[in-house]
């Protein structure tokens, strides 16, 4: 199941990329040595791997842009897990 974060789209912003200006559905973030790559799906359903630095990824993910922050690919909990936990905790307060 994709998290709300992963259902975002990214746009290629690198001017020399043949995909410049195209938007892709973000499927997964793959981090290797501080150089994140994005696993994206194009309009035809094909999976593509794009360098995060070539997209507006840092604009939509301020967390990844922070110095010394771990990428979401290395996080112990996914966004959707934390969101479900917050909803569960909220429900206890309404009893």
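The values are calculated or read from the model by the stated rules, or taken from the named source; none is laboratory data. Computed from a predicted model, the values in this text were never measured in an experiment. All Cβ positions, glycine included, derive from the backbone under ideal geometry; neighbour counts span all protein chains shown.
The table for this structure:
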{"quantity": "Evaluation of residue 76 against (1) surrounded by fewer than 16 Cβ atoms within 10 Å (Cβ to Cβ); (2) modelled with pLDDT under 70; (3) part of a helix (DSSP H, G or I) (one fails), failing number", "calculated": "(3)"}
{"quantity": "Matching option when the condition is at pLDDT 60 or above and either outside any helix (DSSP H, G or I) or loosely packed, with under 10 Cβ neighbours inside 10 Å (or both), among 81, 43, 59", "calculated": "43"}
{"quantity": "Cβ pairs under 7 Å, 6+ apart, first in the stretch 26-55 and without any contact (Cβ under 8 Å) to a residue 12 or more places away in the chain, second surrounded by 11 or more Cβ atoms within 10 Å (Cβ to Cβ) and in a strand (DSSP E or B)", "calculated": "none"}
